[in-house]
Amino acid sequence: MEVAELKKSHKLLRDWTYDWTPLYRGYTDKILYVNLSDNEIKEKPVPKLMKEKFVGGKGYGLKLLWDATKPETKWDDPENEINISSGPIGGITQYSGAGKSICVTISPLTDIPIDSNVGGFFGPFLKFSGFDAIEIQGKSDKDVIIFIDGVNHKVEINEAPYIDIKDSHILGEVLTEMYADDEKDKKNIGVVATGAAADHARIGMLNFTFYDPKRKLVRMKQAGRGGVGTVFRNKKIKAIVCKIPGVKGNLNNVADLPAIMERGKRFNKEMRELDDSQAEMRTKGTAHLTNIMNDYDLLPVHNYKYGSHPEADKIHSEVWKSKFTQGIPDGCWIGCNMACSKGVDAFEIKTGPYKGQKVIVDGPEYENAGGLGSNCGIFNPDYIIESNFYCDTYGICTISWGTLVAFIMECYESGILNKERTGGLELNFGNAEAAMELMHQLARGEGFGVIAGQGVRKMKELFIEKGWGDPQFLQDIAMENKGLEYSEYVSKESLAQQGGFAMTNKGPQHDEAWLIFMDMVNNQIPTFEDKAEALHYFPMFRTWFALQGLCKLPWNDVEPANNAETDEPAKVPEHVDNYVTIYKAVTGNDFDKEELIRQSERVYNFQRIFNLRRGYGKRQHDAQPYRAAGPVTVEEYESRAERYDKQLKELVGVDPEGKSTEEKRDILRKYRENRYEQLLDAVYFRRGWTKNGIPKIDHLKDLGMDLPEVIDVVKDLQDE
């Protein structure tokens, strides 16, 4: 069916016209509310308190979700929401990395709020259409498309009967062509969609399109974590489309445009002059990390057993550089000069429903090379590219998929799984063919693929229930915390990074704290107090990006030439000053680097209390699987025996001579688990929390987050 015929097949269920007003200093002060149960569409004002306390982005998403749900609301209840918001800085084009938006929902994996950041056009386009956020509640009984017409200032809910189009790379292209007036207008369309696998899995993600004018192709960025795509499909949303008249000049209507332009020019100069000698983001994107992680024993191999592998050169950053199309400004938002959204052009698919077709693949990012590749013992770059493509178009979180397949493979090699239990798939480490078939099964809603798609925690619980393996071993090797799969870094030798993963509010995601180099390599935070300070500052600083609509990569993936000479080089103080200046220039508000942290603390503590309201958010929920902290198996210990024996002698005060590997492993485990408990104490104290991880009322008052509904949750927990 031709695109024009497809559009004619839409059935209008509801339309609503609104009065558009231009942004003022980064805000519209309006929320677009859509309820799919009764097709209600309306505009909601942003209360003054919400704007002051929650800022935007992740903060708005959490506040709207709190107000709309009850403590017992499940992820698949109609009242659960998907909230998408950028932030006051989101959408500016004069400074790199300002195109982010944040998706918030109750996660199918964790049963607590998840926030997932994403690039692409939709977040800024939503603002330019007149809304600081979209709040989607309810559940349709038929597939629908929500269309936000920022040209004619109208919102529609349309029934979308063409159910044969299931996958994101096709849906994004079709809907872009459908809603664009002509070829030139394609750059004014932003589409949010997912794929076939999100119907059958808890790890479904969302794709946000952006139009690449050089390639003349629709491309995608991913809101990957926590199953927001699963909620999207549970609500029967086929896609959200936003159309605007165009992007120009100063649509955020900022207070001081010259100040932003000056900082933008300064940063662009750094990118031109320094990127090639630093992170090489413009030629390799985040994939530049692959060989660095391998060199420092941090690249996940065989379900995080090891941190390096002899075949890692096959997925070296130079390999990815040779695969990526070079010389194209690969920014996922207009005006971003970091250009890190690398792509593999004209890649011929070898398996599955698109076999023989040539496609563009966005990435692989480092997380995909590490998760889909080395963590599963697969060092074939073409396999990684193909599995990356299918994860994207099927709507599968690549991080969750890489980590859960690695878990399955270790279970298979340990005898917990076998061919009978996996439906005939030989899922041993390195079996790329079986891993790919597992993904295709999930997209079809078949076989062991559907079991895999429930995530590591659900699989672990299932295997224990069936008596397929030792429960303690399964707990130790199941790399999840709070129900969310780990990102792709080996944290065994970095106590601070263990906390950076397991102490997160949403689950172990590297966007909150990445402290491995500060802690393990450079030994910049040797004491518990030092680590606690880092685990206070960096999660708060990174949270701030999620409030504003900013990407974190321009902060520290290129640094000023004199950064090493500053008092706190890990913070990149010149770039911190850039962000302070830009926030003031956008909003016109008084602001400094201390208030930056306090803005984040308010929202961070609110999210912790949101978890508490749902029955989580205590010390027990910050526990980590032992594989994240140390060697689980004899084989693992012996692979680093010299290192571990030395630690036993120098740190634990135990002579390893004459002891079996099992004895040494168990002594080391007791030591490392005790160190983690001490870290929890230090971090909770620094964050103003009780020993059980409960935010203290005095701390909330100091932050100005002592809202009555917040205090009601924590007042009876203060003695814990």
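The values are calculated or read from the model by the stated rules, or taken from the named source; none is laboratory data. Since we're looking at a predicted model, the values are computed, not measured. For neighbour counting, all protein chains shown are included, and Cβ atoms are generated from backbone atoms with ideal geometry for every residue, glycine included.
Numbers for the structure displayed
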item	result
Matching option when the condition is modelled with pLDDT of 95 or more and within 25 Å of Gly693 (Cβ to Cβ), among Glu512, Glu485, Glu420, Glu446	Glu485
Wholly enclosed helices (runs of 4 or more DSSP H) of segment 380-486 bearing at least 1 residues outside the structural domain of Ser317 (by TED's automatic domain parsing), surrounded by 17 or more Cβ atoms within 10 Å (Cβ to Cβ) and in contact with a strand residue (DSSP E or B) (Cβ under 8 Å, 6 or more places away or on another chain)	456-465
Matching residues in segment 303-339 - criterion: being among the aromatic types (Phe, Trp, Tyr) and on the phi < 0 side of the Ramachandran plot	Tyr306, Trp320, Phe324, Trp333
Filtered residues of segment 73-94 (kept if buried (at least 20 other Cβ atoms within 10 Å of the Cβ), among the β-branched types (Val, Ile, Thr) and assigned to a loop (DSSP other than H, G, I, E, B))	Ile89, Ile92, Thr93
Residue within segment 570-584 that is in a loop (DSSP other than H, G, I, E, B), within 26 Å of the chain's Cα centre (by Cα) and not basic (Lys, Arg) present	yes
Test for Gln624: is it under 23 Å from the mean Cα position of the chain (by Cα), of a type outside the set (Gly, Ala, Ser) and not in a helix (DSSP H, G or I)	yes
Where a residue in segment 150-178 is at positive phi and its partner, wherever it lies, is in a loop (DSSP other than H, G, I, E, B), with Cβ under 6 Å and at least six apart	His153/Tyr18; His153/Trp20
Ile134 vs. criteria buried (at least 21 other Cβ atoms within 10 Å of the Cβ) and out of contact with any Ser or Thr (no Cβ under 7 Å at 6 or more places or on another chain)	yes
Elements of type strands (runs of 3 or more DSSP E) contained in segment 1-72, each with 3 or more residues being assigned by TED's automatic domain parsing to the domain that holds Pro113 and over 30 Å from Leu251 (Cα atoms)	11-17
Unique match (being in contact with a Ser or Thr (Cβ under 6 Å, 6 or more places away or on another chain) and of a type outside the set (Lys, Arg)) among Tyr637, Tyr644	Tyr637
Odd one out for Ile360, checked against (1) part of a loop (DSSP other than H, G, I, E, B); (2) surrounded by fewer than 20 Cβ atoms within 10 Å (Cβ to Cβ); (3) in contact (Cβ under 8 Å) with a residue 12 or more places away in the chain	(1)
Scan of segment 508-525 for residues that are surrounded by 24 or more Cβ atoms within 10 Å (Cβ to Cβ) and among the hydrophobic types (A, V, I, L, M, F, W, C), ordered by number	Ala513, Leu515
Residue count, segment 487-507 (criterion: under 19 Å from Arg640 (Cβ atoms), among the hydrophobic types (A, V, I, L, M, F, W, C) and buried (at least 24 other Cβ atoms within 10 Å of the Cβ))	1
Verdict on Tyr383 being farther than 19 Å from Thr230 by Cβ and touching a residue at least 40 places away in the same chain (Cβ under 8 Å)	yes
Matching residues in segment 137-169 - criterion: being assigned to a loop (DSSP other than H, G, I, E, B), polar (S, T, N, Q) and crowded, with 18+ Cβ neighbours inside 10 Å	Ser140
Selected residue (criterion: farthest from Ala629 (Cα to Cα)) from residues of segment 675-720 that are of a type in the set (Asp, Glu) and part of a loop (DSSP other than H, G, I, E, B)	Asp706
Filter result for the condition that a residue is crowded, with 18+ Cβ neighbours inside 10 Å, over 30 Å from Leu700 (Cβ atoms) and among the aromatic types (Phe, Trp, Tyr), over Tyr676, Tyr644	Tyr644
Some residue of segment 659-674 being hydroxyl-bearing (Ser, Thr, Tyr), in the same structural domain as Gln509 (by TED's automatic domain parsing), part of a helix (DSSP H, G or I) and more than 25 Å from the chain's Cα centre (by Cα)	yes
Hits in segment 526-565 (condition: outside any helix (DSSP H, G or I) and touching a strand residue (DSSP E or B) at 6+ places or on another chain (Cβ under 7 Å))	Gly549
Meets criteria (more than 29 Å from Arg225 (Cα to Cα), charged (D, E, K, R) and either buried (at least 19 other Cβ atoms within 10 Å of the Cβ) or out of contact with any Gly (no Cβ under 9 Å at 6 or more places or on another chain) (or both)) for Glu533	no
Complete set of residues in segment 53-83 that are out of contact with any helix residue (DSSP H, G or I) (no Cβ under 9 Å at 6 or more places or on another chain) and under 15 Å from Ile237 (Cα atoms)	Asp77, Pro78
Contacts under 7 angstrom Cβ, first residue in segment 122-145 being closer than 24 Å to Asn234 by Cα, partner surrounded by fewer than 22 Cβ atoms within 10 Å (Cβ to Cβ) and among the β-branched types (Val, Ile, Thr), 6 or more apart	Ala133/Ile31; Glu135/Ile31; Asp143/Ile163
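Condition check ((1) modelled with pLDDT of 95 or more; (2) touching a strand residue (DSSP E or B) at 6+ places or on another chain (Cβ under 8 Å); (3) within 30 Å of Met459 (Cα to Cα)) across all residues:
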residue: Ile112; (1), (2), (3): yes, yes, yes
residue: Phe128; (1), (2), (3): yes, no, no
residue: Gln137; (1), (2), (3): yes, yes, yes
residue: Thr176; (1), (2), (3): yes, yes, no
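Conditions tested, residue by residue: (1) in a loop (DSSP other than H, G, I, E, B); (2) in contact with an Asp or Glu (Cβ under 6 Å, 6 or more places away or on another chain).
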{"site": "Tyr211", "(1), (2)": "no, no"}
{"site": "Lys214", "(1), (2)": "yes, no"}
{"site": "Val228", "(1), (2)": "no, no"}
{"site": "Asn253", "(1), (2)": "yes, no"}
{"site": "Pro258", "(1), (2)": "no, no"}
{"site": "Phe267", "(1), (2)": "no, no"}
{"site": "Arg282", "(1), (2)": "no, yes"}
{"site": "Ile292", "(1), (2)": "no, no"}
